[in-house]
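All remarks here apply to the structure that follows.
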Amino acid sequence: MKIASIATILFGSAAAFTATTPFHHKTSTVSNTFLKAVELTPEPEGGEELTKVSETSLPGSRMKNMGLVEEDNSDGDIYNFWLTAVANGDEIKKLRIQTEKEASKKANFPGFRKGQIPPYAQPKMTMFAIQEAVIKTCEASLEAYGLQSLQGSQGEVKVNEDMQEVCKGYKLGNDIPFTATYKGKFDEAVQAASEEGHDTAAMEDVVVDVEAVAE
């Protein structure tokens, strides 16, 4: 259930985000995470709030089904999804350390000793770590909400916030809230198992209530 390809994730500014539904005027501002406050792109109106199939997965996230995709959807089972989630700061830090370690093995910049990463290359590695963490978070959202990704260009994920701006004031180790949109399908097997689990839990609650009354 992985996102189709790392190369298909698109980072852009809020202005570049297009939608077929109107937006709330209310925006969310994140000021405690970044040196420079970053506004999350407004949440689209409408849509159906999804319930997680795994309550322990992706804490603090929300997912909305924004309706059927109108083009290239002959089977009528491809939907537009909107996600708000948080890329974990510890994961970003871990990826940043790994990136620098790997880069230093091949680094050979003019004017710097072999293996040394020059200051001007540091932000690029931070950006890469953030990108990887966001990708992993989007992949986790598929499992958390019982969805399947699509192949090729249909599997693209659009991150709505300007990650270049996020990087400018980012302090390593901090979480990064973000919003994203992508197309996908419901994983029928996972959804069925989740519904069965909910039904079983409901039946158990009824049994407990009956026993309590009997006592």
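In this rough spin-label picture, where each label sits 7 Å from Cα along the Cβ direction, the Ala193-Ser104 distance is 4.2 nm. Between the residues Val166, Tyr182, Ala193, the greatest Cα displacement towards the positive end of the dipole of region 158-198, with unit charges on the Cβ of Lys, Arg, Asp and Glu, is found for Val166.
Evaluated with a Cβ-only charge set (Lys, Arg +1; Asp, Glu -1), region 40-149 carries a dipole of roughly 1380 debye about its Cα centre, given to the nearest 20.
Counting heavy atoms of the protein chains alone, Thr179 has an accessible area of about 0 Å² for a 1.4 Å probe. Packing around the peptides 156-167, 41-52, taken as the average count of other Cβ atoms within 10 Å per residue, puts them in this order, highest first: 156-167, 41-52. Working ranking of peptides 144-151, 86-93, 118-125, 59-66 by packing, defined as the average number of other Cβ atoms within 10 Å per residue, highest first, is 144-151, 86-93, 59-66, 118-125. Note on region 32-92: with charges restricted to the Cβ of Lys and Arg (+1) and Asp and Glu (-1), its dipole about the Cα centre is near 400 debye. The charge dipole of region 129-180, taken about its Cα centre with unit charges on the Cβ atoms of Lys, Arg (+1), Asp and Glu (-1) only, comes to about 80 debye. Which is farthest toward the positive dipole end of region 60-164 among Val69, Tyr79, Ser153, measuring Cα position about the Cα centre, with Cβ charges +1 (Lys, Arg) and -1 (Asp, Glu)? So the residue furthest toward the plus end is Ser153.
The values are calculated or read from the model by the stated rules, or taken from the named source; none is laboratory data. Given the structure is predicted, the values throughout are model-derived calculations rather than measurements. Here Cβ is always computed from backbone atoms with ideal geometry, including for glycine, and neighbour counts include all displayed protein chains. Calculation scope for accessible area: heavy atoms of the full protein, side chains included, ligands and nucleic acids excluded. Shrake-Rupley method; radii C 1.70, N 1.55, O 1.52, S 1.80 Å.
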